[in-house]
Amino acid sequence: MEKITPLTLRHRFGLEIARKLRQEQIKEHPLRQLFWECTLRCNLHCRHCGSDCKKEAGFADMPLQDFLRVLDQVGERTDPHKVFVILTGGEPLVREDLEVCGRAIYERGFPWGMVTNGLYLTRDRLNRLRAAGLHTATVSLDGLEAEHNWMRGRPESFERALDAIRFLVEATDVIFDVVTCVNRRNIAQLEAIKQLLIDTGVKRWRVFTIFPTGRAAKDPALQLTGEEFRRVMEFIRTTRKEGHIQLSYGCEGFLGNYEGEVRDHLFFCQAGVVVGSVLIDGSISACPSIRADYHQGNIYQDNFMDVWEQRFQPYRDREWMRTGDCATCKYFRYCLGNGMHLRDGEGKLMFCHLKRLEE
Ligand code: SF4
Ligand code: SF4
């Protein structure tokens, strides 16, 4: 197993090039992904859920017309074909008007996709969504049957998620991936999950690990040790070499010498640089994984594009993150203080991937 640090010359060289490209991208900050938290209602109660969703959410679903006004503002200043709209929640499929939403987004020229647990995805529903222009989907599968259902808190959730995946495999016009939250219960199953996905016809798979916040912070079964975390990285690296399925680690965390080997790109938190979001209460933020208040405006008071152009400085200049462990870290120039979702409301770092890998 290669050492995680110091960085090899090859890694350092790649990271320096990526750093230059990142600076360019920050300067231009073209909006490329726009998340819409269209509901907080959810049909599951997942152990690791980072969102504030409940079966009966405290907020009503956002009316479609409110979000369409945002899209019109975006469309006035940006080519809509270049901005990918991703519907998230809660669980987007609980919205009975999801097809209507999708069609309206599509008719304005924006490609769109959704993130779902698959529970409500029947073949008919998928066909209706495809007719409304659905381009991409992400479905969660958190283990084999017992482990997935344990995580998701509902006995039929595994079978239904797998059915959803099968329907998506058949629907060749929709690009989709499966996402798995790796934890202490399912880490031993990674090979078996991989085989299941390959046998089902899945082409793209993403795994992520849990950071200690919200519900997940109090659940030791969800937190990997340093040794387990390295096993996940080794598993990803080996799977990528085998080439039977495109596996990558989620977007968060600077990973030392695993950079460039477990993802298609080098670490760069793109929140607020190319990724924006509209949250359920109208808040304008960057990435729906960010739960602390890094909101920069609100669609009910502000023009989305004015906020995008003028107020996203904390995302585009991360010098303020040079505190705590990051203040003296020699990898700050590549990491910039980790993903924005790993900062609490006071700006403190909640988790360092590199530190965990080196434990
Ligand atoms: S200490 Fe901070 S800058 Fe260094 S690797 Fe960890 S999160 Fe990144
Ligand atoms: S905030 Fe976190 S999840 Fe969002 S883009 Fe940055 S690293 Fe990824």
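Quick notes on this one:
- Test result for His265, within 13 Å of ligand 2 (Cβ to nearest atom), within 18 Å of the chain's Cα centre (by Cα), surrounded by fewer than 14 Cβ atoms within 10 Å (Cβ to Cβ) and not hydrophobic (A, V, I, L, M, F, W, C): yes
- Matching residues, the stretch 274-286, being surrounded by fewer than 23 Cβ atoms within 10 Å (Cβ to Cβ) and within 11 Å of ligand 2 (Cβ to nearest atom): Val274, Ser277
- Any hit, the stretch 235-256, residues being among the hydrophobic types (A, V, I, L, M, F, W, C), buried (at least 20 other Cβ atoms within 10 Å of the Cβ) and more than 16 Å from ligand 1 (Cβ to nearest atom): yes
- Within the stretch 207-253, tally of residues that are hydroxyl-bearing (Ser, Thr, Tyr) and farther than 22 Å from Met340 by Cα: 3
- Among (1) under 20 Å from Cys287 (Cβ atoms); (2) out of contact with any helix residue (DSSP H, G or I) (no Cβ under 9 Å at 6 or more places or on another chain); (3) within 8 Å of ligand 1 (Cβ to nearest atom), the one test that Met321 misses: (2)
- Taking the stretch 333-358 as the range and being buried (at least 18 other Cβ atoms within 10 Å of the Cβ) and either charged (D, E, K, R) or away from ligand 2 (no atom under 15 Å from the Cβ) (or both) as the test, the residues that pass are Arg343, Arg356, Leu357.
- Number of the exception - His295 against (1) more than 14 Å from ligand 2 (Cβ to nearest atom); (2) surrounded by fewer than 20 Cβ atoms within 10 Å (Cβ to Cβ); (3) over 18 Å from Ile236 (Cβ atoms); (4) not aromatic (Phe, Trp, Tyr): (1)
- Screening the stretch 298-322 for residues that are of a type outside the set (D, E, K, R) and exposed (fewer than 13 other Cβ atoms within 10 Å of the Cβ) and picking the one that is farthest from Leu71 (Cα to Cα) gives Trp320.
- Selection from the stretch 298-332 of residues that are more than 16 Å from ligand 2 (Cβ to nearest atom) and of a type in the set (Phe, Trp, Tyr): Tyr300, Phe304
- From Phe35, Phe84, residue being surrounded by 20 or more Cβ atoms within 10 Å (Cβ to Cβ) and within 21 Å of the chain's Cα centre (by Cα): Phe35
- Taking the numbered list (1) touching a residue at least 12 places away in the same chain (Cβ under 8 Å); (2) more than 21 Å from Asp97 (Cα to Cα) in turn, Val174 passes all entries but (2).
Read-outs throughout are calculated quantities, based only on the coordinates presented, and are distinct from any laboratory measurement. Note that the structure is a prediction, hence the values are computed from the model and not measured. All Cβ positions, even for glycine, are placed from backbone atoms using ideal geometry, and neighbour counts span all protein chains on display.
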